[in-house]
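Below is one structure; the comments refer to it alone.
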């Protein structure tokens, strides 16, 4: 499955290199979880075996090339808050984005249809969880603001629900000023990032609902799997 530059496949994972940092977007492949969570589930609160999830995090850290304890997360609530971290954090604080200027620290968000958006600047990185609620609330703008002192920001939008599959009602379409029967979260994200001053925005072009490899779903999807599914990760760290 081809992806546009600067994205490239590295085994089961998608990598994007931007000046100052690197982003990694996982698929559901390459872990040890079973059943509905097979196999690289990184969601701790979805009903999966905690031991399997812990092992999966070890694989995630290895893929990113960072120590297993060098991961910073937050408890995602579909809001607009982005926290700044200079040390590892297990994710107890409520926020939908993590920014850092610390070398060797990986900022992580989890998704299963919402967009994982990596923001990379010469002096820092951020990873943002952006569904329609977060987009409406301004989470991307908050992510860019968190890197205001880190230099020009570039963005990489990872796999998320695409306009091919993300059907919504008229109220939500009206809220974003769009027509048709689906909502294009990625187009909205590109517009919001451009308005926030991000001149370079890249999109992996992969839909979590319909992308397949070998005839099987490539990503976890909350909507497609009716809520019983795992979570993939978006990871950003300074290079």
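FYI, it's all coordinate maths here, none of it is from the lab. The structure displayed is predicted, hence computed values, not measured ones. So basically every Cβ, Gly included, is an ideal-geometry build from the backbone, and we count neighbours across all protein chains shown.
Which values, in whole Å and largest first, are the semi-axes of the equivalent ellipsoid of the range 144-204 obtained as the square root of 5 times each eigenvalue of the Cα gyration tensor?
26, 13, 8
Tell me, what is the percent relative contact order of the range 36-119, built from C-alpha pairs under 8 Å that lie six or more residues apart?
23 percent
What number does the range 28-119 give for Rg over Rh if you use C-alpha atoms and the Kirkwood radius?
That ratio equals 0.95.
Using 7 Å Cα-to-Cβ label points, what is the residue 75/residue 179 separation (nm, one decimal)?
In this crude label model, residue 75 to residue 179 measures out at 4.4 nm.
Please give the contour-minus-distance gain from residue 172 to residue 94: 0.36 nm per residue of separation, less the Cα-Cα distance, rounded to one decimal in nm.
Working it through step by step, the gained length comes to 25.6 nm.
Would you kindly state how much longer the chain becomes between residue 225 and residue 149 on full extension, computed as 0.36 nm times their sequence separation minus their alpha carbon distance, in nm to one decimal? Let's see the in-between values first.
Values: separation 76, 0.36 × 76 = 27.36 nm, distance 4.06 nm.
Value of the extension gain: 23.3 nm.
Write down the percent of antiparallel bridges among all DSSP beta bridges whose residues are both part of the range 7-238, to the nearest 5.
Taking every DSSP beta bridge with both residues in the range 7-238, the antiparallel ones total about 75 percent.
Please report the relative contact order for the chain, taking Cα pairs under 8 Å with a sequence separation of at least 6, and give it as a percent rounded to a whole number.
The normalised contact order for the chain reaches 24 percent.
Using label points projected 7 Å from each Cα along Cα→Cβ, tell me how many nm separate residue 49 and residue 239, to one decimal.
Each label point lies 7 Å from its Cα, and together they span 3.7 nm.
Please give the contour-minus-distance gain from residue 165 to residue 5: 0.36 nm per residue of separation, less the Cα-Cα distance, rounded to one decimal in nm. Intermediate values should be presented prior to the final figure.
Numbers: separation 160, 0.36 × 160 = 57.60 nm, distance 2.37 nm.
Separation in residues times 0.36 nm, less the Cα-Cα distance, equals 55.2 nm.
Which of these, 124, 169, 58, has the largest mean-square fluctuation under a Gaussian network model of the chain (Cα springs below 10 Å)?
169
222 nm [θ] for the chain, helices only, -39500 (n - 2.57) per DSSP H run of 4+, per residue, to 500?
That comes out to -5500 deg cm²/dmol.
Any idea what the relative contact order of the range 197-239 is, in percent, if you count C-alpha pairs under 8 Å spaced at least 6 apart?
Rounded, it is 22 percent for the range 197-239.
Is the chain best put as rounded, prolate or oblate by its Cα gyration tensor, with a ≥ b ≥ c the root eigenvalues, rounded for a/c under 1.5, and otherwise prolate when a/b is larger than b/c, oblate when not?
rounded
Say we join alpha carbon atoms closer than 10 Å with springs in a Gaussian network model of the chain; which of 216, 142, 199 then has the biggest fluctuation?
216
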